[in-house]
Every structure is written in structure tokens, then in C-alpha cells.
Amino acid sequence: MIAHVERHYTQRIGWLRAAVLGANDGIVSTASLVVGVAAAESARAGILLAGVAGLVAGAMSMAAGEYVSVSSQADTERADLERERRELEMSPERELAELERIYVDRGLDPELALRVAEQLTARGALAAHARDELGLSAMHAARPVQAALASAGTFAVGAALPLVVAAIVPTGNIIGAVSVSSLLFLAFLGSLAARAGGAGRLRGALRVTFWGALAMALTALVGRAVGTVV
Ligand SMILES: [Zn+2]
């Protein structure tokens, strides 16, 4: 028998979406920072210093935010599993009936549902309830450290792009070069994420470039205004 392998969007969208969102954040926040500081007519050293500080601060805040949110998700999952384990210990018959009901609701005949519930319970009651009652699976288990590192890493990679551009172009061209190159990076990432998610590439690209352009324009305005006052 030839195994039929299917790759569904949901299987690959999870980590890709997180990676693209992290990189988008890095590009938008650091490019805006660089453009804003450059609009205040700072020297290249000041612009790069602000950019690097923004990269580190942004990566750390992404990591902290992701770690805290995924940890609390992990806490909730652990508490749910612990309660399920206790219920299985205290009232196994009621839990078996609950599992049977879940399978009947999914369309199985009551007789077959009971047999499936009995067999899966025999193979591992907690695993069966975790998967079919709580919707928890090992594949999607919350991993706070991995999530924090991935989030900080993708932010840092995104943030490095406008910084590299700001470091190599003539000082007078920093605003233009960083704006245009960052919008191109954003358009590419936006279309990549859209394609991976099975959505329209153009719409994906336009959506993220619009917000990126708006963020850079606003910070350039603020930078120019503050630059003339300070
Ligand atoms: Zn249960």
C-alpha cells in the first residue's frame, strides 16, 4: 500500500506566521526608528546607535512577551491535564461515557463509539481525553523557551535589514534607501506568509507594506518636528 502524504497549510502556517510576524515587527519598528532619527538630521553614528538599541530592546521585549504568554498557556494546559487525570481516577465510568459521547457527536454509531472509547481508554485514558476532549496534542504543546527564542531571533533578523542598509548607503540617502528597501522586504515577507497560508499574495504584500509605510512616515514627521525643536 502506498502511503498518501498530504501537507496541509495548518501544519506549516503556525511557525511560519510567527516567524514572519516577528520579522515584520523587526523591520517596521527599526526602520521607523532609523528614519525618525535620520529625519532629525543625526549623524550616522547616532542613527546606527539608536537602531541597534531598538533591535536589542525590541528583541528582548518580543522574547519576554512570548515567553510570558506561552508560559501561561502551558500553565493552563498543565492544570487542565491535572484535573482530567484526577477525574479519570475518581470516576472512570463517567469519563468513559463522556468520551463515547464525543465520538457519537462526531458521527459514530453509539455501539462503535463505545468500543472506540473503550479501546482508546485501555491504550491510555489521559492521552485520549487530552486529545479528543481538551484538544491538546503533543505537536502543538506550548514550548515557552522555543517560542521566546524564535520570536526574538526573527525580530532581530528583521531589524538587522534596515540597519545594514543604513550602515552602507551615504548618510544623505539613509531615509530614502531605508524606506524603499524596508517596504520591499515587507512586501516580500507579506506575500510569503500569504502564500504559505493559501491566501492571495498581492493582498498579503499590500497589507503589510501599507502599515510599514504609515509607521515610517509618522516617525519621520515626528523626527523632523523634534529635530527642529531640540
Ligand atoms: Zn474527560
SASA check, residue 145, accessible area w/ 1.4 Å probe, all protein chains in place, rounded to nearest 10 Å², comes out at 80 Å²
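Could you rank 47, 168 by how accessible they are, 1.4 Å probe, largest area first?
Values: 47 5, 168 130 Å².
I get 168, 47, largest accessible area first.
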Using a 1.4 Å probe on heavy atoms of the protein chains only, the accessible area for residue 202 in Å², nearest 10, reads 120 Å²
So, with points 7 Å from each Cα along the Cβ direction, the residue 17-residue 123 label distance in nm works out to 2.9 nm
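With +1 on each Lys and Arg Cβ and -1 on each Asp and Glu Cβ, and nothing else charged, work out how big the dipole of region 14-229 is about its Cα centre, in Debye to the nearest 20. Intermediate values should be presented prior to the final figure.
Working: 18 positive and 20 negative charges, 266 e Å.
It works out to roughly 1280 debye.
Quote to one decimal, in nm, the extra length available between residue 143 and residue 111 on full extension: 0.36 nm per residue of separation minus the C-alpha distance between them. Kindly include the intermediate steps, with their values, before the conclusion.
Numbers: separation 32, 0.36 × 32 = 11.52 nm, distance 3.84 nm.
This chain segment gains 7.7 nm when fully extended.
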Rounded to the nearest 10 degrees, the helix 44-90 long axis (Cα) sits at an angle to the longest Cα principal axis of the chain of 10 degrees
When every protein chain stays in place and a 1.4 Å probe is rolled, 120, 16 sorted by accessible area with the largest first are 120, 16
So residue 71 and residue 91, fully extended at 0.36 nm per residue minus their Cα-Cα distance, gain in nm 4.2 nm
Expressed in angstrom, Rg and Dmax over the Cα atoms of region 14-229 are 24.9, 79
Karplus ³J(HN,Hα) for region 212-221 (6.51 cos²θ - 1.76 cosθ + 1.60, θ = phi - 60°; Hz, whole; x = Gly/Pro) runs x, 4, 4, 4, 5, 4, 5, 5, 5, 4
For the chain, the per residue accessible area (1.4 Å probe, Å²) is 60 Å²
Expected field for residue 34, accessible surface area in Å² at 1.4 Å probe radius, rounded to 10, holds 0 Å²
Carbon plus sulfur, as percent of the 1.4 Å-probe accessible area of region 14-229, comes to 67 percent
Per-residue ellipticity at 222 nm attributable to helices in the chain (runs of n ≥ 4 DSSP H, -39500 (n - 2.57) apiece, nearest 500 deg cm²/dmol) works out to -30000 deg cm²/dmol
Answer in debye to the nearest 20: the dipole magnitude of region 127-230 about its Cα centre, from +1 Lys/Arg and -1 Asp/Glu charges placed on Cβ, is 240 debye
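Rounded to two decimals, what is Rg over Rh for region 126-230 when you use alpha-carbon atoms and the Kirkwood radius?
On the way: Rg = 20.0 Å, Rh = 17.0 Å.
The Rg/Rh ratio comes out at 1.17.
The values are calculated or read from the model by the stated rules, or taken from the named source; none is laboratory data. Values in this document were obtained by computation on a predicted structure and should not be read as measured data. Positions of Cβ are backbone-derived with ideal geometry, glycine not excepted, and every protein chain shown enters the neighbour counts. What goes into the accessible areas is simple: the full protein's heavy atoms, side chains included, and nothing from ligands, DNA or RNA. Shrake-Rupley method; radii C 1.70, N 1.55, O 1.52, S 1.80 Å.
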